[in-house]
Every structure is written in structure tokens, then in C-alpha cells.
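K.L.:
Please find one structure pasted underneath; my questions will follow.
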């Protein structure tokens with residue numbers, strides 16, 4: 001049964017258009033079918049069929065907002081699966097200047113579904129541990145000091161079923177960055193506050209406004225720059 005299930009999952013992602021859609025959705029946003037069709041370079045009717053296949057396989061979910069209909073990754077576990085498969089694909093040799101620039105950008109800062117990854121993401125984990133904002137004494141936990149600093153930065157601490165903090169192995173740094181509900185809230189706040197901005201293809205541009213808030217989280221952004 002496990003062999004059959006694995007083959008079914010592989011079949012879903014074997015189609016280049018569906019794979020492209022899943023990679024696009026890794027930025028954590030909800031996309032329309034039309035936007036996914038454009039990203040994959042296919043007709044709207046074809047994209048709709050692919051989305052239905054992805055929905056049936058449990059990879060994505062449809063979300064209604066008024067009259068508009070959107071598609072997003074079904075849950076973080078699916079995002080992790082796609083992220084890991086993407087990591088394997090990225091291990092292929094880089095060819096061409098454009099590809100090498102993209103890899104450098106992804107290596108410095110990128111989204112891993114809904115949280116920060118890359119060199120900046122790993123530095124964020126290290127910094128929050130060094131500043132005593134996060135503790136590993138009894139698993140990854142947010143400390144009282146962490147609550148205080150995040151509150152000052154306007155980052156809400158989620159209270160829900162999803163794990164607040166967990167480690168996620170970073171494929172470029174070969175070390176852990178932070179994942180979970182809290183890092184997702186931190187990324188959302190960083191985007192809204194103009195600390196970071198999306199550069200496309202999951203790359204994240206760290207803006208000058210990020211210097212002070214990231215310093216409060218134990219990250220010296222100037223020291224990370226190549």
C-alpha cells in the first residue's frame with residue numbers, strides 16, 4: 001500500500017505544469033487559477049483541470065473570498081513535502097549567470113512556504129536563541145523575553161492548533177531555521193512593515209528598514225551581506 005501511495009504522489013507532481021503550480025504556491029499566498037495558468041504557461045481550462053487534480057490529491061485547497069476563488073497549499077505538511085522535493089532539484093549543477101544569481105538570492109533569503117529561510121532565516125534562529133527569546137531546554141519554546149520583544153515589534157504570538165515553533169532543515173545552509181506559526185506571523189509582519197519584500201521565485205529582499213527590528217531579534221544584517 002505504501003508503494004502505491006508513493007507512486008500516486010509522484011504521479012501528481014510528475015506533470016511539469018502541476019509541479020510549477022506547487023512551486024509557485026510555496027510563497028504562502030493564495031493564487032487564482034488564472035494566475036497559476038499564467039505562471040505555468042498554459043490555458044486557463046487546462047490549469048483548472050490541474051488544480052482539480054491537485055485538490056483531489058490533497059495538495060491544494062480552494063478558498064472563496066466573496067465572488068473570487070483562490071487556490072493555496074492545503075497545509076504546512078504539503079508545503080514541507082514540496083519544499084524537500086524542490087531542495088533535491090536545486091542540488092543540480094547551476095548553469096548560466098541568471099541561474100547563479102537566482103541561487104545566490106535564494107541562498108541569502110527566501111520563503112519556505114510561510115516563513116523565512118536561507119542565511120537570514122538561519123541567522124534569525126541563532127539570534128533569537130542567543131538573545132534568550134527562544135529556548136531549547138524543553139523543545140523549542142518562546143520565552144517571556146521573547147513575548148516582550150515580539151510585542152514591541154508588533155508581531156502577534158499565534159494561539160492555535162499549529163505548532164508555535166519547530167526546526168526546519170535549511171537546504172542551502174545545512175542548518176535549521178525556524179518554522180511554525182510564530183515564524184509565519186513574523187514574516188507576515190516583516191512584509192507589512194516594509195522590512196522585507198518578495199523578489200519573485202520565492203527570493204526575499206531584505207530592506208534597510210529591517211536593520212533595527214532584526215537587531216532586536218539578534219540578527220546583524222550588515223554582517224550577513226556578502
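The values are calculated or read from the model by the stated rules, or taken from the named source; none is laboratory data. This structure is a prediction, so every number in the text was calculated from the model and none was measured. Cβ sites come from the backbone with ideal geometry, for glycine too, and all protein chains shown count toward neighbours.
Okay, residues lined up against (1) outside the structural domain of residue 198 (by TED's automatic domain parsing); (2) in contact with a strand residue (DSSP E or B) (Cβ under 8 Å, 6 or more places away or on another chain); (3) modelled with pLDDT of 85 or more:
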residue: 59; (1), (2), (3): yes, yes, yes
residue: 68; (1), (2), (3): yes, no, no
residue: 83; (1), (2), (3): yes, yes, no
residue: 103; (1), (2), (3): no, no, no
residue: 125; (1), (2), (3): no, yes, yes
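K.L.:
Scan the range 148-163 and give yes if some residue there is touching a residue at least 12 places away in the same chain (Cβ under 8 Å), on the phi > 0 side of the Ramachandran plot, surrounded by fewer than 16 Cβ atoms within 10 Å (Cβ to Cβ) and not in a strand (DSSP E or B), otherwise no.
P.N.:
Scanning the range 148-163 turns up at least one residue that is touching a residue at least 12 places away in the same chain (Cβ under 8 Å), on the phi > 0 side of the Ramachandran plot, surrounded by fewer than 16 Cβ atoms within 10 Å (Cβ to Cβ) and not in a strand (DSSP E or B).
K.L.:
Hey, another quick one. Find the residue count for the range 165-182, including only residues that are closer than 15 Å to residue 136 by Cβ, under 15 Å from the mean Cα position of the chain (by Cα) and outside any strand (DSSP E or B).
P.N.:
3
K.L.:
Which of the residues that make up the range 128-147 are at positive phi and at pLDDT below 90?
P.N.:
Quick first cut of the range 128-147, residues at positive phi only: 132, 139.
Hit for the range 128-147 is 139, nothing else.
K.L.:
Just a yes or no: is a residue in the range 123-137 free of Cβ contacts under 8 Å to residues at least 40 places away in the same chain and under 16 Å from the mean Cα position of the chain (by Cα)?
P.N.:
No.
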